[in-house]
Structures are given as structure tokens and as C-alpha cells.
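The values are calculated or read from the model by the stated rules, or taken from the named source; none is laboratory data. All values derive from a computational prediction rather than experimental measurement. Please note: Cβ atoms are built from the backbone with ideal geometry, for glycine as well, and neighbour counts cover all protein chains shown.
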Amino acid sequence: MAISLLKGGSVSLSKASPNLKNIQVILGWETNKNSGADFDLDVSLFLLGQGGKVINDDHFIFYNNRNSPCGAVVHQGDNRTGTEGEEILINLEKISSKVSKVVFSVSIHEAKERNQNFGQINNAYISIVNQEGNKEIARYELNKDASEHTRVNFGELYKEKSSWEFKAIGEGFEGGLFDFCKQYGVSV
């Protein structure tokens, strides 16, 4: 049974699933059908170095740059329908030693122009799945704390000594993907 995390909670993935090598990260949601407008949510990953910034622009993974330089992180593509979510495959053994943290974020494309926010999104979650056996290890369901925001950091993957850890963040912000890029040092 998967570990259900609360905002700010963390789990040792290595302890929960010994010999863990490959994970699938699923960020999912349902849009409010009564809003009248299409939603386009974008999942982005920021592979950060010790200083809390991307190592270089190639360590910003999104719909137009789907593979990390080390080949460990592969974004499975943009879901433009606004429903179901997006998937990322990660080989934990191949992540560059320069990467201290992987941040999983979601932004609503053209949120301001469409007058959209996460209050119009239902059942948003991030799930960590062991690819071997397709077993869910941990899940964090976003609560309504971020309902007025247009971009959200869902969680972080990081290595603590020899153990891979996942922390549920659930922190909302105003702005869009451009603002995440500035926050994490991507040249835009």
C-alpha cells in the first residue's frame, strides 16, 4: 500500500522500496468542466545543483526539452487536453552527481488570460511508482491551499546520504512557467 503524504511530509523511497532503480512520477488532475474554457497544465522539472538553481538550461525538463543531459529523466510529453496528467520516467542510478534536487512543478498555460487557477482543478496529485512491478510507493494529493494560484510546486526528489527521498511541497505561486524559470535560474 502506498504511503499517503501530507503537505511537508517526506518518505525514504529507498527504504519503502529496497533496490529501487527506476521510478515513474505521475502528476495527475481533473479540470472543472463547468469553467467553460480549456485547460493546459504543464509539468516542468528543475534539476538543481547545490545552490538551488539549475546546473544549466539543459537541466530544465519540460514539453520542449524532454530529456535530461545524463539521460536519467525523461518527460513523456505534454498532455494538452487538461485532464489525466503527465508522466516522467527517472532512472535513479543515472542521475548526475551534480544534481542535488529535482523539483516537480505544474503551471497553468495562459492562466491569467483565461482567468484560471488551481481552484478550478480537482483531485490533483503526484504519485511515485516503482517501475519494477508497477507498485505505487507514495502519493501526495494537493489540498485547496493552492486554489488561488496559477503555478504549484508539487514535490521534490533528493538524495539523503545513500537514500532517495521524496518530499510533498504543495506550495502555490502566482505567475506561470516563465516565473518558475526565473526562480530556478533558467535563462529566459
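Select the strands (runs of 3 or more DSSP E) contained entirely in the stretch 74-187, then report the ones holding at least 1 residues which are surrounded by fewer than 17 Cβ atoms within 10 Å (Cβ to Cβ) and over 15 Å from the mean Cα position of the chain (by Cα).
Passing ranges, in order: 86-91, 121-130, 135-141, 151-160, 163-173.
The conditions are (1) touching a Phe, Trp or Tyr at 6+ places or on another chain (Cβ under 7 Å); (2) more than 21 Å from residue 3 (Cα to Cα); (3) of a type in the set (D, E, K, R), and residue 141 fails exactly one of them. Which is it?
It is condition (2) that residue 141 fails.
When you scan the stretch 43-91, how many residues do you find that are of a type in the set (D, E, K, R) and at pLDDT 90 or above?
Number of matching residues: 6.
Counting only residues that are outside any strand (DSSP E or B) and of a type in the set (A, V, I, L, M), how many does the stretch 1-48 have? Talk me through it step by step, then tell me what you get.
Filtering the stretch 1-48 for residues outside any strand (DSSP E or B) gives 1-2, 6-9, 13-21, 32-40.
Then drop every residue that is not of a type in the set (A, V, I, L, M), which leaves 1-2, 6, 13, 16, 20, 37.
Residues in the stretch 1-48 being outside any strand (DSSP E or B) and of a type in the set (A, V, I, L, M): 7 in total.
Looking at the stretch 122-137, is at least one residue of a type in the set (A, V, I, L, M, F, W, C), farther than 19 Å from residue 9 by Cα and modelled with pLDDT of 95 or more?
no
Pull out all pairs, ordered by first then second residue, where Cβ-Cβ is under 9 Å, the residues are six or more apart or on different chains, the first lies in the stretch 101-116 and is farther than 12 Å from residue 39 by Cβ and touching a residue at least 24 places away in the same chain (Cβ under 8 Å), and the second is of a type in the set (Val, Ile, Thr) and in a loop (DSSP other than H, G, I, E, B).
Hits for this filter: 102/95; 112/150.
Go through the residues of the stretch 25-41 one by one and say whether even a single one is among the basic types (Lys, Arg), touching a Leu at 6+ places or on another chain (Cβ under 9 Å), farther than 17 Å from residue 151 by Cα and surrounded by fewer than 21 Cβ atoms within 10 Å (Cβ to Cβ).
Among the residues of the stretch 25-41, not one is among the basic types (Lys, Arg), touching a Leu at 6+ places or on another chain (Cβ under 9 Å), farther than 17 Å from residue 151 by Cα and surrounded by fewer than 21 Cβ atoms within 10 Å (Cβ to Cβ), which makes the answer no.
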